[in-house]
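Working notes for the structure below.
Just so it is clear, none of the values below were taken in a lab; they were calculated from the coordinates. Being a predicted model, the structure only gives us computed values, none of them experimental. Here the Cβ positions follow ideal geometry from the backbone for every residue, glycine too, while neighbour counts run over all protein chains shown.
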Amino acid sequence: MSDTPKTALLIVDTQVGVLAGAHEPQPVLARIDALVQRARGAGVPVLWVQHESDELVAGSPGWQLAPPLAPVAGEGLIRKRFNSSFAETPLQATLQAQGITRLVLAGAMTNWCIRATAFAALERGYDLALASDGHTTEAMDFGQGRVIAADALIDELNAGLRWLSVPRSRIEVRPAAEIEFGSLEATAA
């Protein structure tokens, strides 16, 4: 999208009810928390997305962000009802108002909301950095013994985005600990 990206960290659906059946949620939450701390330390905006539905009622215990994650004053909170964090939410306007051109993406569920948000970001021309070990999901059971394991779904999205080619956008897929904030932000100043 630009030669000097301005980055935001986007944390999607890391909610108690969403993560209840997810693959290895605690290590993923620890990596996301480390990303959040690094982003804050680099002065990078952190945006939180929370899904609302009949099963995830706003304000209910399952709707709450899973500890240790919690926004601090000044961080944006986007509520959504669809898989994509962009669908009928103020996310696009929020990013534009802050001049954001690069999103670091982490959260849940890999094969639904992370995938939909990643592709929506790319379709809008954002550069994207997916934390390859910073998203999770649960196994998909199709019945009759057909199950796709959660780790296979995670690997599939990571591989798919590594090989994806789109106009105007750069895509990074790397472990959370390898995602750059400070040095890229310094070049954008």
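Please work out whether region 11-58 counts as rounded, prolate or oblate from its C-alpha gyration tensor, where a ≥ b ≥ c are the square roots of the eigenvalues and a/c under 1.5 means rounded, while otherwise a/b larger than b/c means prolate and anything else oblate?
Oblate is the answer for region 11-58, as a/c is 1.5 or above yet b/c matches or exceeds a/b.
Based only on other Cβ atoms within 10 Å, what is the fewest-to-most ordering of T137, T94?
T94, T137
To the nearest 500 deg cm²/dmol, what mean residue ellipticity at 222 nm is calculated for the chain from DSSP H runs of n ≥ 4 alone, each contributing -39,500 (n - 2.57), summed and divided by the residues?
Calculated from helices alone, the mean residue ellipticity at 222 nm is -9000 deg cm²/dmol.
How much net charge surrounds A97 when only the other residues with a Cβ under 15 Å from the Cβ of A97 are counted, with Lys and Arg +1 and Asp and Glu -1?
After counting each charged neighbour, the total is +1.
Using alpha-carbon pairs under 8 Å, 6+ residues apart, how would you state the relative contact order of region 7-188 in percent?
It rounds to 26 percent for region 7-188.
Compute the convex hull volume of the Cα atoms of region 79-182, divide it by the residue count, and report the result per residue in Å³ as a whole number.
111 Å³
Can you put K6, K80 in order of Cβ neighbours within 10 angstrom, beginning with the fewest?
K6, K80
What is the gain in length, in nm to one decimal, between E178 and V166 on full extension, counting 0.36 nm per residue of separation less the C-alpha to C-alpha distance?
Gain on stretching E178 to V166: 2.1 nm.
Restricted to Cα positions, what overall size does region 1-82 have along the principal axes? Three whole-Å values, descending.
41, 26, 25 Å, listed from the longest principal axis down.
Considering only C-alpha atoms, what is the centroid distance from region 107-151 to region 88-105, in Å?
Computed from Cα coordinates, the inter-centre distance equals 20 Å.
In a shell of Cβ-Cβ distance under 14 Å around R31, excluding R31 itself, what net charge do Lys and Arg (+1) and Asp and Glu (-1) give?
-2
What is the spin-label model distance, in nm, from F142 to E123 if the labels are put 7 Å beyond Cα along the C-beta direction?
If labels sit at F142 and E123, their model points lie 2.4 nm apart.
Suppose each label sits 7 Å from its Cα in the direction of the beta carbon; what would the R81-A58 distance come out to in nanometres?
For R81 paired with A58, the spin-label model returns 1.0 nm.
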